Amino acid sequence: MRCPFCGHEDSQVKDSRPTEDGAAIRRRRQCEGCAARFTTFERIQLRDLVVVKNEGAGGLRREPFERDKLMRSVSIACRKRPIDAVRIEKLVSGIQRQLETLGDSEIASKLIGEMVMDGLKGLDSVAYIRFASVYKDFREARDFEEFAGNVSEVGKS
């Protein structure tokens, strides 16, 4: 593993343990060049996923699935909310696992968005609305108001 500080090629594993959700191994490493310490994570990847995005006018764009991008999106929606980082990690890991077990290596971005919406809906209504406001691309305050009204009605039933 290359050192992120000095670029040295070799590092030594000082500690390994599973993450709280058991979906990865956390390794604490020390660079043999500069002695700096850093953490890496090792996850199971069942298949290489490709995200298919609509470009408008019938065009499609394909790009590799990036777990970090999914994690960033969910984390932004959950920012300043009383949600433990472990719960966010479990949500992202669960979505990734579902995508990998679908059987198809090409996944529509719309499907990923819907999975995130479903996960956030059960996690936190404010995070759900934040994500939806970007994902559904609300154009006017009325769109946002209607969506938020529907969310509060769901919470009452």
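The residue list 33, 75, 56 was ranked by how far each Cα lies along the charge dipole of the range 16-93 toward its positive end, using unit charges on Cβ atoms, and 75 comes out on top. Distances between placed amide hydrogens fall under 5 Å for residue 108 paired with 52, all partners being 5 or more residues away or on another chain.
So which trypsin sites (Lys or Arg not before Pro) in the range 84-157 end up in coil per DSSP with only 11 or fewer other C-beta atoms within 10 Å?
139
Applying 1/(1 + (r/R0)^6) with R0 = 41 Å to the Cβ-Cβ distance of residue 104 and residue 32 gives a FRET efficiency near 0.45.
A cut-off under 14 angstrom between Cβ atoms defines the neighbours of residue 56, and their net charge, with Lys, Arg +1 and Asp, Glu -1, is +1.
Could you tell me which chymotrypsin sites (Phe, Trp or Tyr not before Pro) in the range 1-55 are loop residues by DSSP with no more than 15 other beta carbons within 10 angstrom of their beta carbon?
Sparse-neighbourhood loop chymotrypsin sites (Phe, Trp or Tyr not before Pro): 5.
Could you give the length gained on full extension between residue 85 and residue 134, defined as 0.36 nm per residue of separation minus the Cα-Cα distance, in nm? Extra length from residue 85 to residue 134 when fully extended: 15.5 nm. Each listed q (0.12, 0.17 Å⁻¹) maps to a log10 I(q)/I(0) for the range 50-135 from the Debye sum over equal C-alpha point scatterers, namely -0.36, -0.69.
Here is the list for the range 1-64: trypsin sites (Lys or Arg not before Pro) lying in DSSP coil, each with at most 12 other C-beta atoms within 10 angstrom of its C-beta, are 2.
Only helices enter the 222 nm calculation for the chain: every DSSP H run of n ≥ 4 contributes -39,500 (n - 2.57), and dividing by all residues gives -14500 deg cm²/dmol, rounded to 500.
Cβ distances below 4.7 Å define possible disulfide partners, and in the chain the cysteines left without one are 78. Distance between the 7 Å Cα→Cβ label points at residue 20 and residue 151: 2.3 nm. Between the beta carbons of residue 72 and residue 114, assuming R0 = 22 Å, the FRET efficiency works out to 0.75 to the nearest 0.05. Set the Förster radius R0 to 35 Å, insert the Cβ-Cβ distance between residue 40 and residue 141 as r into 1/(1 + (r/R0)^6), and round the FRET efficiency to 0.05. FRET efficiency, residue 40 to residue 141: 0.20.
We did not get these values from a lab; they are worked out from the coordinates using the rules stated. Since the structure is predicted, the reported quantities are computational estimates derived from the model, not experimental observations. Because the Cβ atoms are built from the backbone with ideal geometry, glycine has one as well, and the counts that use them run over all protein chains shown.
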